[in-house]
Amino acid sequence: MLIVPIVNMISLSLPHESIAVSQGLNQSLKKLGNAIAPVLTTTIMTAFSQPLTKIVSGHTMVVGTVPTATAFNIVFIVGIVLAVACILLSLAIKSRSLKKNQTLKPR
C-alpha cells in the first residue's frame, strides 16, 4: 500500500525528462531488495534454530527445527539498521542535491 505513493512522490519531485530513468532505477532497487531480503532472513533463521522434538514410545525424536527468539530479534535489528542507513543515505543525497542546485542557480 505504500509503494504507489512513493512512486508518485518520485515522479512529481523530478524534472519531466528524468522520470523514466528514476522509475527504472526505483524498480531495479526494489527488485534487488526483494531478492536479497528473503535470503538474508532465511540465513539468519537457519543459523539460529533449535530442534523440535516429540516423545514417541518413550524416545525423544527430532521432527524438525524452528527459529529461536534470537533469530527473530536479529532479523528485526538488521531491518532497523538497514532502514536507518537508507534514511541517512537519502538525507545525504537530498542535502547534496540541494547544495548543488543552489550553486547552479543564478542570483
Next item on the list: Go through the residues of segment 19-32 one by one and say whether even a single one is at positive phi and either polar (S, T, N, Q) or touching a Ser or Thr at 6+ places or on another chain (Cβ under 6 Å) (or both).
Entry: no
Next item on the list: Return yes when Ser11 is part of a helix (DSSP H, G or I), farther than 18 Å from Leu82 by Cβ, in contact with a Leu (Cβ under 7 Å, 6 or more places away or on another chain) and at pLDDT below 85 and no when it is not.
Entry: no
Notebook entry, point to check: Is there any pair with a first residue in segment 44-65 that is touching a residue at least 60 places away in the same chain (Cβ under 8 Å) and a second that is surrounded by 10 or more Cβ atoms within 10 Å (Cβ to Cβ) whose Cβ atoms are under 7 Å apart and which are 6 or more apart or on different chains, and what are they?
Noted result: none
Next item on the list: Among the residues of segment 22-78, count how many are in a strand (DSSP E or B) and either under 30 Å from Ile3 (Cβ atoms) or touching a Cys at 6+ places or on another chain (Cβ under 8 Å) (or both).
Entry: 1
Margin query: So Phe72 passes all but one of these: (1) under 20 Å from the mean Cα position of the chain (by Cα); (2) within 30 Å of Ile93 (Cβ to Cβ). Which condition number does it fail?
Written below: (2)
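The values are calculated or read from the model by the stated rules, or taken from the named source; none is laboratory data. These figures come from a predicted structure and were not determined experimentally. FYI the Cβ positions are ideal-geometry reconstructions off the backbone, even for glycines, and counts take in every protein chain you see.
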